[in-house]
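K.L.:
The structure under discussion is supplied below as structure tokens; questions concerning it will follow.
The values are calculated or read from the model by the stated rules, or taken from the named source; none is laboratory data. Values in this document were obtained by computation on a predicted structure and should not be read as measured data. Counting neighbours? That spans all protein chains shown, and the Cβs are built from the backbone with ideal geometry, glycine included. Quick note on the areas: whole protein, heavy atoms, side chains included, nothing else; ligands and nucleic acids left out. Shrake-Rupley method; radii C 1.70, N 1.55, O 1.52, S 1.80 Å.
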Amino acid sequence: MEYTEVTPDEFAALDGVDDWTVVGTEIRTAFRGATYLVGAELVKTIAEIAEANQHHPDMEIRYPGRVHVMLTTHATGGLTTLDVDAARLISAAAAAAGATVEPYDS
């Protein structure tokens, strides 16, 4: 799997990643589904995307349907094009599921 490193400034200038925020060496977002089950389905969909692309985010699901997603490339200890590609796919899946983007809080 080929990838290149991406700086926080480069990431911020990219199209299709507006849902995401750079925090340290990772990018983060939060989506809100209409119900807890919608959130759980979104987690499942994200897991399927991760498996298909062999790039796995950290995720949390919180009541009432909030899904926190964190991405980094562990091999480099920072952001890469793998994270950019995954972020775009995850955002598209969340939009398709009717989830809305919310500010990420830890």
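K.L.:
Only residues that are farther than 27 Å from GLY98 by Cβ and either within 11 Å of the chain's Cα centre (by Cα) or in a loop (DSSP other than H, G, I, E, B) (or both): list them for segment 1-51, please.
P.N.:
MET1, GLU2, TYR3, THR4, VAL6, THR7, ALA13, GLY24, THR25
K.L.:
Looking at segment 1-13, which of its residues are of a type outside the set (D, E, K, R) and closer than 21 Å to ALA50 by Cα?
P.N.:
MET1, TYR3, THR4, VAL6, PHE11
K.L.:
Taking ALA94 and the conditions (1) more than 23 Å from VAL6 (Cα to Cα); (2) touching a strand residue (DSSP E or B) at 6+ places or on another chain (Cβ under 8 Å); (3) without any contact (Cβ under 8 Å) to a residue 40 or more places away in the chain, which numbered condition does it fall short on, given that it satisfies the others?
P.N.:
(3)
K.L.:
A further question follows. So, ASP9, is that one modelled with pLDDT of 95 or more and surrounded by 16 or more Cβ atoms within 10 Å (Cβ to Cβ) or not?
P.N.:
Here the answer is no, as ASP9 does not meet what is asked.
K.L.:
Please work out which residue is nearest to SER91 (Cα to Cα), limiting yourself to segment 13-45 and to residues that are among the aliphatic types (A, V, I, L, M) and surrounded by fewer than 13 Cβ atoms within 10 Å (Cβ to Cβ).
P.N.:
ALA13
K.L.:
Inspect all residues belonging to segment 52-71 and state whether any of them is touching a Lys or Arg at 6+ places or on another chain (Cβ under 8 Å), among the hydroxyl-bearing types (Ser, Thr, Tyr) and either assigned to a loop (DSSP other than H, G, I, E, B) or open to solvent by 30 Å² or more (accessible area, probe 1.4 Å) (or both).
P.N.:
Checked against the condition, which is being touching a Lys or Arg at 6+ places or on another chain (Cβ under 8 Å), among the hydroxyl-bearing types (Ser, Thr, Tyr) and either assigned to a loop (DSSP other than H, G, I, E, B) or open to solvent by 30 Å² or more (accessible area, probe 1.4 Å) (or both), segment 52-71 yields no hits at all.
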